[in-house]
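The values are calculated or read from the model by the stated rules, or taken from the named source; none is laboratory data. Values in this document were obtained by computation on a predicted structure and should not be read as measured data. Positions of Cβ are backbone-derived with ideal geometry, glycine not excepted, and every protein chain shown enters the neighbour counts. We work out accessible area using only protein heavy atoms, side chains counted, and drop any ligands, DNA or RNA first. Shrake-Rupley method; radii C 1.70, N 1.55, O 1.52, S 1.80 Å.
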Amino acid sequence: MSWLGYRRPDGSAGARNHILILPGGLVGSKICEFVRGTVTLVTAETGHARTTRDRRRAGNFLINLGKSPNVAAVIVQGSAAGGYYAELNLERIAHEISTTGKPVALLTADKCGGTLGLLAKGIEVAREMAWQASRLKREPVEDGRLSLGVKCGNSDATSGLVGNGVVGYVFDKLVAAGGVAMFAENTEIIGAEHVLAERAVSPEVARAILASAQKMEERGRVAGEDIRTINPVPSNFAGGISSLEEKSLGAIHKAGTHPVQGVLEYGERPPRPGLYYVDNNANTFHMFSSFSSAGSQIGLFQLGGAGVPEGGFLDTSRGIVSPMLWLTGNRVTAQRAANSIDFSSASVLGGTETMEEAGQRLYDLILEIASGAVTKVETINHVDPFAIYYEDPIF
Amino acid sequence: MAKRAIRINARDNVATLVETARAGDEVAVVTGGETEGVVAQEEIPANFKIALVNITRGEAILKYGEVIGEASVDIPRGTRVHLHNLAGRRGRGDLARKDAP
């Protein structure tokens, strides 16, 4: 099967065609107000005062987000090109992104006559990039060029019974076609990690999966905390889930049935196609930025539903450069948040559709969205903040 | 008409209600192609679990064919299984505390 994507010089294919301004801040946000087709970061995260491994993580996140197939061109901007921590050095970030062959401009206030000069130059360059990017045409590309990331949330009994399984069908089909499928949530594999470890492609990967769950359980011990005060969240309990183990065992259904090829850290790009587990926590603001940085063109959010108010809007743009696609297997949720949810598999519990039929319907919808149809939340002109998931405390 | 519940794995000793059952309602528990009956002893809302057998205190509660916790009290067949009688055992940092109950 195929979809229509923007072919990038590195062989990847984009579902969107953004001009990305890195990092965020005053200049980034003002360029975006001024120039159509641009996007920037909204976050308090700079990597400042972080440990070496966390600075490396922050730097790699910026580089990998710039490499995203959904990004046509990148402006890296700041006060000065040199200095600062080596991992976050702007010259390095710009250089690494440019290895993909896409246009990258490095602009700094010290060379542009200050911040206002930088802003003027940034607007000029961004306009030129947007004008050039608009000349790219979508071309047929194979479904194996797609990369998807999934998170489940507000999980209830329908998540484990239907919603997550439908995503699992899509993941199996995508991996079989040569694509990339990613899932995460290191607190929410506790109680199910042994099932995932049995599916690991090697003993090393199995050990890494088990270690990811152990790390989170150990943090709970150090804090003396009953995990149930944090996770499952109150809406999970209200939706019929009684323990973390139950939640985790339902959650892993979204990973389908293929072998787990590896364990990635926050924002890391998978080395090869296949199914990957990301050692990322379950929070939305960490999750979708990580998937986008790892190269996923669309982020899936599989919603249960207890706690979703009638007419409530759902998150719009946690993936920064990649759209969020909201799914549910809960009939009531699908109706309550019809303004934000593009896909319902409640028909499976209703008995009018099989899991496979719903999965195929979702697969077709994903190819349509990859080809340019926008998701419901993508129609909202708002930028949600995101955060980088660090391992160590701040200093 | 009997209310429908799904038992995901044949090993499971609980099933998930697809529709709300009231006390005295017959519940049709579907396991793959097989269906068996159990009578609800109390109201159990849709999406919540019903005990398919008598489960004694300390015994493992199984769903997806895996352990989702243990019975914190004796649980009679046909009653609701949730926070009041099921205790998760993982991630319990509180149990390592000196002042743990």
Query - Segment A:R272-A:Y85, length gained on full extension (0.36 nm per residue, minus Cα span) - result: 64.3 nm
Query raised in the report: Say each of B:E19 and A:E124 gets a label point 7 Å from the Cα, pointing the same way as Cα to Cβ; how far apart are those two points in nm?
Result: 7.0
Query raised in the report: How large is the helix-only mean residue ellipticity at 222 nm for the protein assembly as shown, computed as the sum of -39500 (n - 2.57) over DSSP H runs with n ≥ 4, divided by its residue count, in deg cm²/dmol to the nearest 500?
Result: -9000 deg cm²/dmol
**Report entry** trypsin sites (Lys or Arg not before Pro) restricted to segment A:186-216 and DSSP loop, no more than 14 other C-beta within 10 Å
**Finding:** none
Report task. State the Cα centre-to-centre distance between segment A:178-202 and segment A:36-50 in whole Å. Result -> 29
Report task. Using Cα positions and a limit of under 18 Å, work out the lysines in reach of A:K254, with same-chain residues fewer than 8 apart set aside. Result -> A:K151, A:K173, B:K63
Query raised in the report: Tell me which aspartates and glutamates have Cα within less than 14 Å of A:K247's Cα, excluding those fewer than 8 residues away on the same chain?
Result: A:D156, A:E185, A:E188, A:E193, B:E66
**Report entry** Count of Lys pairs (Cα-Cα under 21 Å; at least 8 positions apart or interchain) in segment A:1-148
**Finding:** 7
Query raised in the report: Nearest 20 debye, what's the magnitude of the dipole of chain A about its Cα centre given +1 on Lys and Arg Cβ and -1 on Asp and Glu Cβ?
Result: 1120
Query - Within chain A, percent of DSSP bridges classed antiparallel, to nearest 5 - result: 15
Query raised in the report: Once label points are set 7 Å from the Cα along Cα→Cβ at both B:A10 and B:E59, what is their separation, rounded to one decimal in nm?
Result: 2.0
**Report entry** Taking N as its residue count, the alpha carbon Rg of the protein assembly as shown over 2.2 N^0.38 Å
**Finding:** 1.03
Query raised in the report: In Å², nearest 100, what accessible area do chains A and B bury in total when the solvent probe is 1.4 Å?
Result: 2400
Query raised in the report: Simple spin-label model, 7 Å along Cα-to-Cβ: A:A211 to A:N283 in nm?
Result: 2.4
Query raised in the report: How large is the accessible surface per residue of segment B:8-93, computed with a 1.4 Å probe and reported in Å² as a whole number?
Result: 44
Query raised in the report: If you take the beta carbon distance between A:L26 and A:R53 as r and set R0 to 25 Å, what does 1/(1 + (r/R0)^6) give as a FRET efficiency, to the nearest 0.05?
Result: 0.30
Query raised in the report: Antiparallel as a % of all DSSP beta bridges within segment A:257-342, to the nearest 5?
Result: 0
Report summary line: Between A:L4 and A:V332, Cβ-based FRET efficiency (R0 30 Å, step 0.05) works out to 0.30
Query raised in the report: With chain A treated as a Gaussian network of Cα nodes joined by springs under 10 Å, which of A:V167, A:V39, A:V233 yields the largest mean-square fluctuation?
Result: A:V233
Report task. Any chance you could check the Cα centroid distance between segment B:61-100 and segment A:61-135 for me, in angstrom? Result -> 53
Query raised in the report: In terms of Cα to Cα distance under 18 Å, which lysines are near enough to B:K3, apart from those fewer than 8 places away along the same chain?
Result: B:K49
Query raised in the report: Which loop chymotrypsin sites (Phe, Trp or Tyr not before Pro) in segment A:70-139, with loop taken from DSSP, have no more than 12 other Cβ atoms within 10 angstrom of their Cβ?
Result: none
Query raised in the report: Roughly how many Å² is the accessible area per residue of segment A:287-395, as a whole number, for a 1.4 Å probe?
Result: 36
Query - Average beta-carbon neighbours from other chains, 10 Å sphere, peptide A:156-164 - result: 3
